Amino acid sequence: MTAKRKPEQATNGPYRFTPYDSDKGEEYMNEAQENHFREILGAWKKSLMEEVDRTVHHMQDEAANFPDPNDRATQESEFSLELRTRDRERKLIKKIDETLSLIDSHEYGFCEACGVEIGIRRLEARPTATLCIDCKTLDEIREKQMS
Ligand SMILES: [Zn+2]
């Protein structure tokens, strides 16, 4: 039996980083800050891509030997779980790419809905956030009401 991995681990973010130490009066999303988030997002993406790679190899290794039907059923549900995880990881990688291009066009870090600064600390916790905490909260309330 191979050791159980936790494939969802890498998608959970935030990626390990040194919190940004901003000077008083420093301009929001100046070049240093943009680079800080470029680094966080880049490292996160890299770890996700490694995870996707590992999943593929893991499945190729295991698909080679099919034991008895019970084991096979277990293996199949394990595979479908891994496929879902991989799908999630792919979407996240896409989201990270979109976020990186926001940084490139200097639009990163501002709320999509109301335009305010999302804030360094919130972005460090959720580097792909596109809404400020207020708009996000409103969004979640609306979602709850709809469901
Ligand atoms: Zn907002």
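At a glance:
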| item | result |
| --- | --- |
| The chain: relative contact order as a whole-number percent, Cα under 8 Å and 6+ apart | 29 percent |
| Where N is the number of residues in the stretch 22-87, Cα Rg divided by 2.2 N^0.38 Å | 1.89 |
| Set Lys45/Lys94; Lys24/Lys136; Lys46/Lys95 screened for pairs whose C-alpha atoms are more than 18 Å apart | Lys24/Lys136 |
| Most fluctuating residue given options Met29, Met59, Met49, as computed from a GNM of the chain linking Cα atoms under 10 Å | Met59 |
| Long-range amide H partners of Arg126 with built H, under 5 Å | none |
| Counted charge near Met49, where neighbours are those whose Cβ lies closer than 15 Å (Asp, Glu -1; Lys, Arg +1) | +3 |
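Any read-out appearing in this document is the output of simple, stated calculations on the displayed coordinates, not a laboratory observation. Everything numeric here is computed off the predicted structure, so don't read it as measured data. Positions of Cβ are generated from backbone atoms using ideal geometry, with glycine treated the same way; all protein chains shown enter the neighbour counts.
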